[in-house]
Amino acid sequence: MSASVNFRLSVTPPTSDFALTPEFELDEDFESLVMDACQILSRTDCQFHVSGFGQDPWPVDVSYDLSSAIENLPEAIEALKLGESAQIDFYGQGIERLVTFTPQGETVVIKCTSNTAWTPDPDTEEISLGEARNLLLTLARDFKAALERVCPQVAALDAFAAW
C-alpha cells in the first residue's frame, strides 16, 4: 500500500448562508435533484476540488462535474460497503475520466482511466478499504453541508438526509 495517496475529492461549502430558493420540484428523481442542487451551489462560492493521478487540481466545476460525481456516490458507497467495485464517472466534456475502486481484501485499488489526451501518472493508487469508504462518505457529508448553507429544504430531502 502506498504511503501517500494523492487522489482527493472535496467540496468546500459556501463561505456564508445564501438562503436560495429552489426553482425546481422537490420530488424529482435523484439524478435530477443532484443536477439542480449543483446548479444552486454554482451560484455561490462553493468549490469542488479533485486531484491525483498526476494532476492537481483537475479542471472540474461545481455545476456539472460535481453533479456527475454525486450522481454516482450512493451506488459507490454501497458497493464499497459490500466489498464490490465502484465507479465515479467524470463524464463531462473535457474531463472524461473514470475512477474505479476495486476492493482486494482490506485494500482498494483506485484506477483512473482517461478518455482524452491527458494520461494519468500514475494510473493506479492503493488505499485501505476504510480510507476509500471515508473518502466517499466525506464527499457526501461535505456536499450536504454545502446544501444546508444554501438551501436547507433541499438538504433535508430523503435523497440527502442520511448523509
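The values are calculated or read from the model by the stated rules, or taken from the named source; none is laboratory data. Owing to the predicted nature of the structure, the values given are computational and were not obtained by experimental measurement. Note that each Cβ is placed from the backbone with ideal geometry, even for glycine, and that neighbours are counted across all protein chains shown. Just the protein is used for accessible areas: all its heavy atoms, side chains included, with ligands, DNA and RNA removed. Shrake-Rupley method; radii C 1.70, N 1.55, O 1.52, S 1.80 Å.
Estimated from helices alone, the mean residue ellipticity of the chain at 222 nm is -11000 deg cm²/dmol (sum of -39500 (n - 2.57) over DSSP H runs with n ≥ 4, per residue). For the chain, modelled as a GNM whose springs connect Cα atoms under 10 angstrom apart, the maximal fluctuation among 44, 116, 124 occurs at 116. Taking the protein heavy atoms of the chain in the context of the full set of protein chains, the accessible area attributed to carbon and sulfur is 47 percent at 1.4 Å.
Taking the Cα centre of the chain as reference, the dipole from Cβ charges on Lys and Arg (+1) and Asp and Glu (-1) amounts to some 480 debye. In the chain, which helices (entire DSSP H runs) extend 30 Å or more along their own long axis, judged by Cα positions, while averaging at least -1.0 on the Kyte-Doolittle scale? For the chain, where a helix must reach 30 Å along its axis and average at least -1.0, the hits are 129-150.
Between residue 117 and residue 137, what is the label-point separation in nm under the 7 Å Cα-to-beta-carbon projection? Taking the two extended label points, one gets 4.2 nm.
D by Stokes-Einstein for the range 26-98, Kirkwood Rh over Cα pairs, 37 °C, 0.692 mPa s: 249 µm²/s.
Value of Rg to Rh for the range 68-163, rounded to two decimals, is 1.02; Kirkwood radius and Rg both from alpha-carbon coordinates. Remark: the range 75-163 carries a charge dipole of roughly 300 debye about the Cα centre, counting +1 on each Lys and Arg Cβ and -1 on each Asp and Glu Cβ. Relative contact order of the range 71-163: 19 percent, from C-alpha pairs under 8 Å at least 6 residues apart in sequence. Using the 1.4 Å probe convention, the accessible area of the range 1-61 works out to 55 Å² per residue with neighbouring protein chains retained. Protein heavy-atom accessible surface, 1.4 Å probe, per residue over the range 101-149: 47 Å². Looking at the chain, the pairs of alpha carbons with a distance over 24 Å make up 33% of the total. Applying 0.36 nm per residue to the separation of residue 96 and residue 17 and subtracting their alpha-carbon distance, the gain on full extension is 25.2 nm.
As a length-normalised measure over Cα pairs under 8 Å and 6 or more apart, the relative contact order of the range 12-121 settles at 18 percent.
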